[in-house]
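Worksheet: the structure to be examined is printed underneath.
The values are calculated or read from the model by the stated rules, or taken from the named source; none is laboratory data. A quick note: this is a predicted structure, and the numbers were derived from the prediction, not measured. Counting neighbours? That spans all protein chains shown, and the Cβs are built from the backbone with ideal geometry, glycine included. We work out accessible area using only protein heavy atoms, side chains counted, and drop any ligands, DNA or RNA first. Shrake-Rupley method; radii C 1.70, N 1.55, O 1.52, S 1.80 Å.
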Amino acid sequence: MSHPMMFKARPLCWGACGAWLLVCGGEAAAFQIETGNPDLTLRWDNTVKYSNAFRLKSRSALLTQDANQDDGNRNFGTGLISNRFDLLSEFDASYRSVGARISASAWYDDIYNRANDNDSPRTANAYSVANNQFVDPTRVVNGRNVRLIDAFAYNKGNVGDMPYVVRLGQYTVLYGETLFFGSNGIAAAQSPVDVNKLLAAPSTQYKELAMPQPQLSVQLQVNARVAVGAYYQFHWQPDRLPPVGSYFSGVDILQQGGERILAGAPLVPGGMPAAFFRTHDQKASNTGQGGVQLKWRPAGMEGEFGFYAAQFNAKAPIGVTYPGVGFNPLIGQIGTYALLYPDKIRTVGASFTTSVGDANLSGEVSLRQNMPLVPAGGSISADRDGLASYPVGKTLHANLSTLMQLPRTRWWDGGSLLGELAYHRRLSISRNAEALEPNSTRDALAMRALFSPTYYQVLPGLDLSVPIGLGYNLMGRSSVLTGFNGGAHHGGDLSIGLSGVYQQKWNFSLTWTHFLGTLKPGRAPVNAARQNYTYGQSLKDRDFLAFSVSRTF
């Protein structure tokens, strides 16, 4: 932010408070609660974290020229873009064969609880607040909230000689072998993704981005070589996109905080700009999401195969405009818009995992039917009957990944290397081919790697790592997944960091992130009513530096 007094005084105040909290937390340790009963185990852990981030580049005039793609960019000048405190609380209990877990997080980010740097009222999409204010949903999602994470109970037992585990509540179940590209894999059926968190830390593993869901699951070990499992979900939830006007928001109309699509000059003198106003989203059903798996370890072979089938509802939105609905020239309303989430996508797949030398090698392949494809610019216009005709087809998906521990060398003491290739192909279009994004291709291939050498006891009690992450789109412009690996054709992201652990209690990190690819807005107008994807790098001017320190007690 570029307000001089606020930039200097308030972060210093919050930083001092954060240091005080962390120091106080340092006097305690993560602890197990004494119960006096050897069958009853209770544990309560709390993690306090302070983090901040700084924008390193000035706004690009090219990336702020579209009124529906500029708010997240205009809201932040160079300097502080986040000044945040987090508290994570985790409680686990077990008694003989039953147990429970509950965890929750709370946060406060000073930046999202005050005015921002937007000085362009003509292009601000917000209707409920002034151009230099964050809308309420954005303040909640990024600025201050408490969120339940896990809340489930489990039971372990035996059916004859076959061990089983049953879980009920809110938690995460992930099938398949993906490391980074869960949206391209079998696990896409099981969990929405925290895209907001992913953009802030692009090399985060998928298991840390998957959002827990209310569900019932069972896992049964039939024998030493065969296991089966199944799950059924009770509630649908979409991907968590960056809220409108937040730093990583590239579109001003999606999910939390979207209020208007600006569409032209005022209709009457002194009126407001022509716009489509947000109405109720067409959410997916809370029913019909579940799946099964079978895991098999062949005799005489070091490795495992998996087989899967699932049905799920889309978690990524399609924008739908309804021209003429609620026409009101005084406020500029020329129609409404909503977000649509299709139902009943079906997938079948298989996976393998094995060891090759010191590395683990794994992969998976899957097919999807009734898969919503990428419409032109991510949105469509409803017909006279209010029906939205988005493209639908069959798709093929494949991930290949590796994970290895680094041996000690003269250059490092240890560490890890993770890598994954993700590929998909549009096999056919079964409905509404004319609505498909015209700049897309049938095939797309992307990669992501995280190289993290570690140095032990650099100082007494201090271990350091130097994580280097790279994500890059090697081929194609996806017609299957919107924003696949960031969405930039021949683009991606590079991050270089320094992270440390002190006395196995304190954690800190400092990371620089640079966005790769051709500087282009995410969407380019074709005419007044339609935009197409450019597959350019719409975050090219949003490189940032992030710092965090945390303590568990």
### Task
Please go through segment 405-418 and pick out each residue that is open to solvent by 40 Å² or more (accessible area, probe 1.4 Å) and either within 18 Å of residue 345 (Cβ to Cβ) or within 25 Å of the chain's Cα centre (by Cα) (or both).
417
### Query
Any idea how many residues of segment 337-394 are in contact (Cβ under 8 Å) with a residue 60 or more places away in the chain and closer than 18 Å to residue 276 by Cα?
12
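Which ranges mark the strands (runs of 3 or more DSSP E) fully within segment 24-131 that have 2 or more residues being farther than 30 Å from residue 213 by Cβ and modelled with pLDDT of 95 or more? If you could, list the steps in order and put the result at the bottom.
Working: elements: 31-33, 40-55, 79-95, 98-109.
Correct list: 40-55, 79-95.
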### Task
May I ask you to verify whether residue 530 is surrounded by fewer than 16 Cβ atoms within 10 Å (Cβ to Cβ) and within 22 Å of residue 66 (Cβ to Cβ)?
yes
### Task
Just one of (1) within 30 Å of residue 298 (Cβ to Cβ); (2) of a type in the set (D, E, K, R); (3) touching a residue at least 40 places away in the same chain (Cβ under 8 Å) trips up residue 194, so point out which.
(1)
### Summary
Going through (1) modelled with pLDDT under 50; (2) open to solvent by less than 50 Å² (accessible area, probe 1.4 Å); (3) under 20 Å from residue 119 (Cα atoms) one by one, residue 4 fails only at (2)
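Right, residue 421: aliphatic (A, V, I, L, M), open to solvent by 20 Å² or more (accessible area, probe 1.4 Å), in a strand (DSSP E or B) and within 20 Å of residue 187 (Cα to Cα) or not? Steps first, please.
Details: aliphatic (A, V, I, L, M): yes; open to solvent by 20 Å² or more (accessible area, probe 1.4 Å): yes; in a strand (DSSP E or B): yes; within 20 Å of residue 187 (Cα to Cα): yes.
Yes: the conditions hold for residue 421.
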### Message
Given the criteria in a loop (DSSP other than H, G, I, E, B) and β-branched (Val, Ile, Thr), does residue 482 qualify?
### Response
yes
### Task
Would you be able to tell me the number of residues in segment 356-371 that are open to solvent by 70 Å² or more (accessible area, probe 1.4 Å), at pLDDT 95 or above and over 23 Å from the mean Cα position of the chain (by Cα)?
1
### Selection within segment 274-296 - part of a strand (DSSP E or B), open to solvent by 40 Å² or more (accessible area, probe 1.4 Å) and charged (D, E, K, R)
278
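Matching residues to (1) of a type in the set (Phe, Trp, Tyr); (2) part of a loop (DSSP other than H, G, I, E, B); (3) modelled with pLDDT of 95 or more; (4) closer than 20 Å to residue 419 by Cα:
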position: 498; (1), (2), (3), (4): no, no, yes, yes
position: 501; (1), (2), (3), (4): no, no, yes, no
position: 504; (1), (2), (3), (4): no, yes, no, no
position: 510; (1), (2), (3), (4): no, no, yes, no
position: 513; (1), (2), (3), (4): no, no, yes, yes
position: 525; (1), (2), (3), (4): no, no, no, no
position: 532; (1), (2), (3), (4): no, no, no, no
position: 539; (1), (2), (3), (4): no, yes, yes, no
### Lone unmet requirement of (1) in contact (Cβ under 8 Å) with a residue 40 or more places away in the chain; (2) over 26 Å from residue 396 (Cβ atoms) for residue 180
(2)
### Task
With the condition kept exactly as written, say whether any residue in segment 516-523 is closer than 16 Å to residue 467 by Cβ and surrounded by fewer than 21 Cβ atoms within 10 Å (Cβ to Cβ).
no
### Query
Take the residues of segment 158-188 that are among the polar types (S, T, N, Q) and in a strand (DSSP E or B): which is farthest from residue 482 (Cα to Cα)?
158
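If you check residue 165 against the conditions, is it open to solvent by less than 50 Å² (accessible area, probe 1.4 Å) and farther than 26 Å from residue 232 by Cβ?
Details: open to solvent by less than 50 Å² (accessible area, probe 1.4 Å): yes; farther than 26 Å from residue 232 by Cβ: no.
No.
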### Message
I'm trying to understand the selection: among the residues of segment 193-210, which are assigned to a loop (DSSP other than H, G, I, E, B) and either crowded, with 21+ Cβ neighbours inside 10 Å or hydrophobic (A, V, I, L, M, F, W, C) (or both)?
### Response
201, 202, 203, 209
### segment 310-345, residues that are assigned to a strand (DSSP E or B), on the phi > 0 side of the Ramachandran plot and open to solvent by less than 40 Å² (accessible area, probe 1.4 Å)
335
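From the list 119, 71, exactly one residue is within 21 Å of the chain's Cα centre (by Cα) and farther than 22 Å from residue 46 by Cβ. Which is it?
Details: 119 fails: within 21 Å of the chain's Cα centre (by Cα).
One residue alone meets the criteria, 71.
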### Message
Could you list, ordered by first residue, the pairs with Cβ atoms under 8 Å in which the first is in segment 58-77 and touching a residue at least 24 places away in the same chain (Cβ under 8 Å) and among the basic types (Lys, Arg) and the second is assigned to a loop (DSSP other than H, G, I, E, B) and open to solvent by 20 Å² or more (accessible area, probe 1.4 Å), at least 6 apart or interchain?
### Response
74/59; 74/119
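Can you tell me which residues in segment 174-187 are of a type in the set (A, V, I, L, M, F, W, C) and either crowded, with 24+ Cβ neighbours inside 10 Å or within 12 Å of residue 211 (Cβ to Cβ) (or both)? Full working, then the answer.
At the first step, the residues of segment 174-187 found to be of a type in the set (A, V, I, L, M, F, W, C) are 174, 179-181, 186-187.
Scanning segment 174-187 gives 174, 180, 181, 186, 187.
Just one of 312, 352, 327 is aromatic (Phe, Trp, Tyr), over 17 Å from residue 480 (Cα atoms), modelled with pLDDT of 95 or more and out of contact with any Gly (no Cβ under 7 Å at 6 or more places or on another chain); which is it? If you could, list the steps in order and put the result at the bottom.
Values: 312 fails: over 17 Å from residue 480 (Cα atoms); 352 fails: out of contact with any Gly (no Cβ under 7 Å at 6 or more places or on another chain).
Just one listed residue meets the conditions, 327.
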### Filtered residue count, segment 184-202, keeping only those that are in contact with an Asp or Glu (Cβ under 8 Å, 6 or more places away or on another chain) and small (Gly, Ala, Ser)
1
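Quick one: would you say residue 328 is farther than 30 Å from residue 408 by Cα, without any contact (Cβ under 8 Å) to a residue 40 or more places away in the chain and not hydroxyl-bearing (Ser, Thr, Tyr)? Explain how you work it out, then say what you get.
On the way: farther than 30 Å from residue 408 by Cα: yes; without any contact (Cβ under 8 Å) to a residue 40 or more places away in the chain: yes; not hydroxyl-bearing (Ser, Thr, Tyr): yes.
Against the criterion (farther than 30 Å from residue 408 by Cα, without any contact (Cβ under 8 Å) to a residue 40 or more places away in the chain and not hydroxyl-bearing (Ser, Thr, Tyr)), residue 328 qualifies.
Out of curiosity, is residue 385 within 30 Å of residue 417 (Cα to Cα), modelled with pLDDT under 95 and open to solvent by 10 Å² or more (accessible area, probe 1.4 Å)?
On the way: within 30 Å of residue 417 (Cα to Cα): no; modelled with pLDDT under 95: yes; open to solvent by 10 Å² or more (accessible area, probe 1.4 Å): yes.
In short, no.
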